[in-house]
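The values are calculated or read from the model by the stated rules, or taken from the named source; none is laboratory data. Given the structure is predicted, the values throughout are model-derived calculations rather than measurements. Because the Cβ atoms are built from the backbone with ideal geometry, glycine has one as well, and the counts that use them run over all protein chains shown.
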């Protein structure tokens, strides 16, 4: 590579790097704006009281998503781990 090609390659890398940095900063800005909005919303006594009364009336999984559901494989592993734990405790107590 001659000098011009090196400079062009470095310039292109620099631009790509700047584009990535700008994209990362925009993502961070969005995350920070959401966090600030959530904090401001929770700081308002009327909004906080209203949210508490609304959430008390609705079930936890009202948005259609299941939370904390355990797969059959996970349930089996937990069962085996608990059986092993209780067997060790029973052996230790005897």
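Values as computed for the structure displayed
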| read-out | value |
| --- | --- |
| Among (1) surrounded by 10 or more Cβ atoms within 10 Å (Cβ to Cβ); (2) modelled with pLDDT under 90, the one test that residue 86 misses | (2) |
| Criterion violated by residue 44 - all others in (1) surrounded by 10 or more Cβ atoms within 10 Å (Cβ to Cβ); (2) at pLDDT 80 or above satisfied | (2) |
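Yes/no matrix, rows are residues, columns are (1) part of a helix (DSSP H, G or I); (2) at pLDDT below 60; (3) on the phi > 0 side of the Ramachandran plot:
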{"residue": "27", "(1), (2), (3)": "yes, no, no"}
{"residue": "31", "(1), (2), (3)": "yes, no, no"}
{"residue": "35", "(1), (2), (3)": "yes, no, no"}
{"residue": "54", "(1), (2), (3)": "yes, yes, no"}
{"residue": "62", "(1), (2), (3)": "no, yes, no"}
{"residue": "68", "(1), (2), (3)": "no, no, yes"}
{"residue": "74", "(1), (2), (3)": "yes, no, no"}
{"residue": "80", "(1), (2), (3)": "yes, no, no"}
